[in-house]
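For reference, the structure discussed in these notes is given below.
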Amino acid sequence: MALRIDVVSIFPEYLDPFRHALLGKAIEQQILSVGVHDLRQWASDNHKSVDDSPYGGGPGMVMKAEVWGAALDDVAAHTGPAADKHLVSATPHLSRPRHDALQGIEQVGYPEHSQADERPLLLVPTPAGTPFTQADAQAWSNEQHIVFACGRYEGIDQRVFEDAARRYRVREVSIGDYVLIGGEVAALVIAEAVVRLIPGVLGNRQSHEEDSFSDGLLEGPSYSKPRQWRGLAVPEVLLSGNHQLVAQWRRQASLQRTLERRPDLLDSADLSAEDVAFLQTYQQQRSKEQ
Ligand code: 6GU
């Protein structure tokens, strides 16, 4: 069961990275299919205008309801200018079958989303949205049809999303507390986070089970050969061959990094009594040193 992603934007060429690397490979393996649509195809006036001045005044322009409404109708139904559009991979790879890729991978969706609701998911990237998280990426990797509505300027007429809720499940999402010029790059960010979690896209399933955020903690540092490089040594324990000690060191490095960089994550992380004890000792040491 492949994922279909449609993206509507006034800068379709901005979405070209979809054709490269992992996303391109997923397209080639037919795990993913992508349609990128130029919003102006749905503009009806002679100037192909897609925006107008805001009611109530103020700076900037608002993207027009009529244009977006027509575009989202067609994209949901695969009709009109949205019919039969497919990006092809920029770099054809040999599609090697992976016997291990699909084994033992659990499908996790949102429990509140019943199987009967077949409306596609409409994602609207906006700094005013709810924060996009790894849990969203995990849930959305089980979707069949995701549509991104990429706005520019000061946003899209809000009635577009009220109306779209009749044919889509609508989510306005933000990728962080900063402002981008438009939603295109955010759509790429979200798509990449989602697609890499589809079984068969990443080679090694452990490699995403151990990701930062998968267990609510940041991932610690990693090292490879040579043992010594520019006077810097690899931590001795990693060369010991003692798997239990290595696992303990990695856990502690992960706890330590999370405490230093993202202490907010520790409130909701799943910590053992041993983890809590380690963090206490580490914090005491740190406060003595200061
Ligand atoms: Cl999702 N879109 C835009 N336009 N700006 C953003 C964003 C999204 N997330 C943070 N800033």
Is segment 186-204 home to any residue that is surrounded by fewer than 12 Cβ atoms within 10 Å (Cβ to Cβ) and more than 30 Å from Phe11 (Cα to Cα)?
-> yes
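Hey, does segment 219-236 have a residue that's among the charged types (D, E, K, R) and closer than 30 Å to Val62 by Cβ?
no
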Expected output for segment 174-192 (first residue in contact (Cβ under 8 Å) with a residue 60 or more places away in the chain and more than 7 Å from the ligand (Cβ to nearest atom), partner aliphatic (A, V, I, L, M) and open to solvent by 30 Å² or more (accessible area, probe 1.4 Å), Cβ below 7 Å, 6+ apart or cross-chain) is Ile190/Ile175
Selection from segment 226-271 of residues that are open to solvent by less than 80 Å² (accessible area, probe 1.4 Å) and of a type in the set (Ser, Thr, Tyr) | Ser240, Ser254, Thr258
May I ask you to verify whether Gln144 is surrounded by fewer than 17 Cβ atoms within 10 Å (Cβ to Cβ), in contact (Cβ under 8 Å) with a residue 40 or more places away in the chain and within 12 Å of the chain's Cα centre (by Cα)?
-> no
Among the residues of segment 152-166, is there at least one that is more than 22 Å from Asp74 (Cα to Cα), touching a strand residue (DSSP E or B) at 6+ places or on another chain (Cβ under 7 Å) and either open to solvent by 50 Å² or more (accessible area, probe 1.4 Å) or within 12 Å of the ligand (Cβ to nearest atom) (or both)?
-> yes
On the given criteria, is Val170 within 9 Å of the ligand (Cβ to nearest atom) and part of a strand (DSSP E or B)?
-> no
Just checking, how many residues over segment 22-32 are under 13 Å from Leu87 (Cβ atoms) and either part of a helix (DSSP H, G or I) or open to solvent by less than 60 Å² (accessible area, probe 1.4 Å) (or both)?
-> 7
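The values are calculated or read from the model by the stated rules, or taken from the named source; none is laboratory data. A quick note: this is a predicted structure, and the numbers were derived from the prediction, not measured. With ideal geometry, Cβ positions are generated from the backbone for all residues, glycine too; neighbour counts draw on all protein chains shown. The accessibility values were calculated without ligands, DNA or RNA, using every heavy atom of the protein model including side chains. Shrake-Rupley method; radii C 1.70, N 1.55, O 1.52, S 1.80 Å.
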